[in-house]
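Student: Please read through the structure below; I'll follow up with questions.
The values are calculated or read from the model by the stated rules, or taken from the named source; none is laboratory data. Remember, it's a predicted structure, so these values are computed and weren't measured experimentally. All Cβ positions, even for glycine, are placed from backbone atoms using ideal geometry, and neighbour counts span all protein chains on display. All accessible areas refer to the heavy atoms of the entire protein, side chains included, with ligands and DNA or RNA removed. Shrake-Rupley method; radii C 1.70, N 1.55, O 1.52, S 1.80 Å.
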Amino acid sequence: MVGLIRGFNFMVLALLSLAYFYQIVYVFIRWFSKEKEFGAAKPRRYAVVISARNESAVLGELLESVRKQDYPSELLDVYVVADNCTDHTAQVARAHRAVVFERYDRVRVGKGHALNYLFSQIETLAGIETYDGYLVLDADNVLDENYVKEMNKVFARGYPVVTSYRNSKNYGSNWISAGYALWFLRESKYLNGARMQCGTSCAISGTGFLISSKIVRTNNGWKHHLLTEDIEFSVDSVIQGECIGYCEKAVLYDEQPLDFKTSWYQRLRWTKGFYQVFGKYSGALFRGIVKKHCFSCYDMMMTVAPGTMLTLLTLLGNGVFALAGMIVGRPEWTAVTLRAVGGNLFGIYLSLFFFGTVTTFSEWKQIHCGAGKKLFYMFTFPIFIFTYIPIAVAALFKKVTWVPIHHRIVKSVGQIRG
């Protein structure tokens, strides 16, 4: 039995290492390959689309950052859907000269439904093809002044979807906000950045992406309504053969949760959404891997599935071993199980610490807080990721619905950079 316990845990750790080894390769690709350069491009006409629910506190700062873009203002229109709002979101949007639609639907809730409604209103008002593309933002975002100009450069190279560099308004607030922010920085630099270098598809991450009007037309608006509509859209795009681009020079800042309760419910929704995406699209991804030898399909499969699945398998298997040891009076079985689990967790901690450390030092100037906090949060980053373990278990059994996250941090780009 002792051999079985050790063998089981070694197998799980080996499978995790094999599944995600390519992401270590991605790090070295970013270190040793020259970043792609995109020259000036003819300005295209875009619409900024924002779904906002009770976001009157932060929406104005986003709209100001859009107004201050180094981009022809006549080629940039702003649309806001005030989605089931009970505050002054609509009034704030109108005061900043956005075109506003108010939506009230307590059945079809969530960002996906709100975006679909907004696209249908734009179709009626102006026509989807009036714009070359649509910039999808969240109300708590603020944009670097060159954001649209840089996104336009990549879009002009033929990418039907372009995602951007996701930074944080409040990296230094505490270990929770830093955990989120460091994950998104790593995702931008060492996942999407490496994918772009390799010519494989990137993935959008919640907010800050540009989608062509042709895709909006093909999809008849926004058709993705699972709990994580961003990764659903990314996976579906890859399955359809689209290649999502990445613009590292287009910098967006957004707000991260500060308390664990808010973080728990947000990440519970994300995890449940990943389960939904896996359930709906895993077959198509697997066929893309086997029949088309599509690396992007493999990459997306790794994004939505094995880490969580193997973690849950480890918990279940070791729980059985520990319980068996207690039932039959073999405490050494339980002791070996605990040592094996501890060893696995330590190995995972080191790998996460590696990614966090690499990202912290390479993005040092992009992280806007004190040096001491930057160093400290490298050590708490793996702990933040470990808190996904109980979330992953809860998401298996709990019914999860879309719940809005309230944002309160109002900062301009200049204030964030200090």
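Student: Run the dipole for the stretch 205-255 about the Cα centre, Lys and Arg Cβ at +1, Asp and Glu Cβ at -1, nothing else charged, and hand back the magnitude in debye, nearest 20.
Tutor: 340
Student: Taking the Cα centre as origin and putting +1 on Lys and Arg beta-carbons and -1 on Asp and Glu beta-carbons, what dipole magnitude results for the chain, to the nearest 20 debye?
Tutor: Roughly 700 debye, rounded to the nearest 20.
Student: While we're here: With the dipole of the stretch 128-226 worked out from charges on the C-beta (+1 for Lys and Arg, -1 for Asp and Glu) around the Cα centre, which of Ser173, Val136, Cys198 lies farthest toward the positive end?
Tutor: Of the candidates, Cys198 comes out farthest on the positive side.
Student: Ignoring everything but the protein chains, give the 1.4 Å probe accessible area of Cys85 in square angstrom, nearest 10.
Tutor: Spelled out: Cys85, probe radius 1.4 Å, area about 20 Å².
Student: Along the positive direction of the dipole of the chain (beta-carbon charges: Lys, Arg +1; Asp, Glu -1; about the Cα centre), which of Ser188, Ala250, Ala14 reaches farthest?
Tutor: The residue sitting most towards the positive pole is Ala14.
Student: Hey, another quick one. For His293 and Cys198, calculate 0.36 nm times their separation in residues minus their Cα-Cα distance, and state this gained length in nm to one decimal.
Tutor: Residue separation times 0.36 nm, minus the Cα-Cα distance, leaves 32.7 nm.
Student: Name the residues whose placed amide hydrogens come within less than 5 Å of the amide hydrogen of Asp138, ignoring near sequence neighbours (fewer than 5 apart) on the same chain.
Tutor: Gly208
Student: Counting only protein heavy atoms, what percent of the accessible surface of the stretch 205-349 is carbon or sulfur at a 1.4 Å probe?
Tutor: 66
Student: Could you give the distance between the Cα centres of the stretch 69-145 and the stretch 364-418, to the whole Å?
Tutor: Answer, in whole Å: 26.
Student: Separate question: Set the Förster distance to 45 Å, then compute FRET efficiency between Glu37 and Ala95 from the Cβ-Cβ distance, nearest 0.05.
Tutor: Once rounded, the FRET efficiency stands at 0.70.
Student: I've got another one for you. Could you pull out the GluC sites (Glu not before Pro) across the stretch 6-74 that fall in loop regions by DSSP (anything but H, G, I, E, B) with no more than 11 other Cβ atoms inside 10 Å?
Tutor: Qualifying residues, ordered by number: Glu35, Glu37.
Student: What figure in square angstrom, to the nearest 10, would you give for the accessible area of Lys249 with a 1.4 Å probe?
Tutor: We get 100 Å² for Lys249.
Student: Which percent, nearest 5, of DSSP beta bridges in the chain are antiparallel?
Tutor: 25
Student: Length gain on complete extension for the stretch Leu396 to Lys223, per 0.36 nm per residue less the alpha carbon to alpha carbon distance?
Tutor: Residue separation times 0.36 nm, minus the Cα-Cα distance, leaves 59.8 nm.
Student: Still on this structure, please answer the following. How about the stretch 1-103: which trypsin sites (Lys or Arg not before Pro) there are in a DSSP loop, with at most 12 other Cβ atoms within 10 Å of their Cβ?
Tutor: Hits after loop and neighbour filter: Lys34, Arg97.
Student: Measure off 7 Å from each Cα along the Cα-to-Cβ vector at Phe353 and Phe286, then give the distance between these two points in nanometres to one decimal.
Tutor: Taking the two extended label points, one gets 3.7 nm.
Student: Once the dipole of the stretch 279-418 is set up with Lys and Arg at +1 and Asp and Glu at -1 on Cβ about the Cα centre, which of Ser296, Phe346, Gly418 lies farthest towards its positive end?
Tutor: Most positive-ward Cα: Gly418.
Student: Separate question: Accessible area per residue for the chain in Å², computed with a 1.4 Å probe and the full protein assembly in place, what is it?
Tutor: Dividing the accessible area of the chain by its residue count gives 44 Å².
Student: Return the label of the correct value of percent of Cα pairs over 28 Å apart, as calculated from the structure shown, out of [x] 53; [y] 62; [z] 50.
Tutor: For percent of Cα pairs over 28 Å apart, the calculated option is [z].
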